[in-house]
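The structure appears below as structure tokens.
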Amino acid sequence: MSRSDARPRGTLRFATRFALVVIIIAVAVYLVLLSDVNRVLRWRLDKLHAAGIPTTWAEVAPPPVPEKDNAAIIYQQAFKRLESERGPRRGISDGECLRNFIADDPPGARSRVFPRIQQILSHNQAALRLIKQAAARPRCRFPLRWDQMPAAMEFRHLGPLRTCSRLLMADALVAARQGDAARVTEACTAVIRLSRHTISEPTTISFLSGVGGQLSLARRLPDLLQDANLDPAMCQALFRELDRLDFAAAFRGTMIEAGCETRWFFDEAEQRPGNVREMLAHDFSTHYFGTPDLGLPAAVGLYLSPLGKLFRLKEEIAFLDTFDEMMALTAKPYRATATRWRALDQRRAEAPFYYLITYTAAPPGRMMITQRDRAIANRNATQVILALKAYHAKFGTYPATLGPLRGFLGGASAAPEMGRSRIQGWKIPDDPFSGKPFAYRPQGAGYMLYSWGEDLDDDGGRPVPQQVRTDPPDGDIVWTFAK
């Protein structure tokens, strides 16, 4: 063999050995990094467990409820008796007619459909009795399949529950027109309890559905109280029912469920990557970080492969850090954490290109926390309005400020002149968006009450416009009573 032939072969052997050494070193470094990241991940999960926060989809499933206490059993009987969604009559369905009636439509429009609403209620008397019976039960648990993957869960009960809530609101509004205060109180109590049952299910969609039921009551309360002469005892009964409507605790459960749902994606990516491949490829925006359409399937495939495990673990640790921060923020009102929520949103928008699961499946942050505080504002304002109604029933007029109202209800600042006029056991709540008492202004024979709203400033009672063009919405959350 000539020297000229031996030289290329020697170079080839050297290159092969050098490449092998580089590969071995790269694998060793990769395994060391993998071991270190696994250790950090275990530490982060242990920290959450120590705080009593579930971290897996199996742990987040709510406990079963005994049949004798479970409202869901009777709700399901009511669903079978519902007639309000069956077939159009006179151009629109009964369900659409109900939605229009309890919406913020002009009084004239509501009057035109009043006979139709009475007919709908007449057809649904059996269902209404069952709904009220179910609402009186202490707990509610529908048979959701928590053993399935989150995306496969079906919430078929939420649509009928919304119909039940609308029927109750329609029943209350009709009773108010007829001057039947006891029936108004009964129907409103059932609306509140149905909302409490709905938000006890720790999912985002259930929380928003329960918030919607309470929002309908808050919006139509001026009509209910203007038409129905509720006495102080009835007002206090509804006040106490609202005390049990704990949106803060329900929201915390919802956020934990959303976090566990995201962790389910990480577990599936590790154990059954095929189950999440199509979901990621479908949901991940093709323009995200400039990823081309043709390169996206390849990027998702690499991410879900064994070579992508290090990226997945690093992303999971980053998600758990963010989730831990989110859980800490949920313990505080939005007004105290708005800046930090916006920073979290910005951090998520600037996440590295390989944050596929967090970008696709991470729980929403600022949007949901404002939903929670809006729900609390509506609940608290409803309690203030009921207290004002009780005050008006006693004295025939509304107070000039909320100060005398607090005294009337036996608060710490109770004025001596109230004497035996006080009603014990009430505590007037504040506006969650300001941390202060709701803004209150007498107007003629009635008054205006308002919350600062999501923009966290006092706009003087100017309502948020119907077409919101700013984030956060510019304006206040307003309730107006003509008398």
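The values are calculated or read from the model by the stated rules, or taken from the named source; none is laboratory data. Nothing here was measured: the structure is a model prediction, and the numbers come from that model. With ideal geometry, Cβ positions are generated from the backbone for all residues, glycine too; neighbour counts draw on all protein chains shown.
Scanning segment 181-204 for residues that are closer than 30 Å to Ala58 by Cα and either in a loop (DSSP other than H, G, I, E, B) or free of Cβ contacts under 8 Å to residues at least 40 places away in the same chain (or both) turns up Ser200, Glu201, Pro202, Thr203. If only residues of segment 238-275 that are acidic (Asp, Glu) and part of a helix (DSSP H, G or I) are counted, the one that is farthest from the chain's Cα centre (by Cα) is Glu270. Taking the condition within 19 Å of Glu315 (Cβ to Cβ), at pLDDT 85 or above and assigned to a helix (DSSP H, G or I), does Leu41 pass? Against the criterion (within 19 Å of Glu315 (Cβ to Cβ), at pLDDT 85 or above and assigned to a helix (DSSP H, G or I)), Leu41 qualifies. Residues in segment 124-156 that are outside any loop (DSSP other than H, G, I, E, B) and modelled with pLDDT under 90: Pro150, Ala151, Ala152.
A quick yes/no check of all residues on (1) modelled with pLDDT of 85 or more; (2) in contact with a Pro (Cβ under 9 Å, 6 or more places away or on another chain); (3) among the β-branched types (Val, Ile, Thr); (4) assigned to a loop (DSSP other than H, G, I, E, B):
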{"residue": "Glu83", "(1), (2), (3), (4)": "no, no, no, yes"}
{"residue": "Gly95", "(1), (2), (3), (4)": "no, no, no, no"}
{"residue": "Asp104", "(1), (2), (3), (4)": "no, no, no, yes"}
{"residue": "Arg110", "(1), (2), (3), (4)": "no, no, no, no"}
{"residue": "Pro115", "(1), (2), (3), (4)": "yes, no, no, no"}
{"residue": "Gln118", "(1), (2), (3), (4)": "yes, no, no, no"}
{"residue": "Ser122", "(1), (2), (3), (4)": "yes, no, no, no"}
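Of all the criteria given as (1) touching a residue at least 12 places away in the same chain (Cβ under 8 Å); (2) out of contact with any strand residue (DSSP E or B) (no Cβ under 9 Å at 6 or more places or on another chain), the one not satisfied by Leu221 is (2). Considering segment 295-405, the qualifying helices (runs of 4 or more DSSP H), each wholly inside and each with 1 or more residues that are within 30 Å of Asp223 (Cα to Cα) and at pLDDT below 90, run over 366-395. Taking the condition of being crowded, with 17+ Cβ neighbours inside 10 Å and over 28 Å from Ala362 (Cα atoms), how many residues in segment 19-74 meet it? Total meeting the criteria: 6. From the list Cys188, Cys164, Cys235, the lone residue that is buried (at least 20 other Cβ atoms within 10 Å of the Cβ), farther than 15 Å from Ile385 by Cβ and over 18 Å from the mean Cα position of the chain (by Cα) is Cys164.
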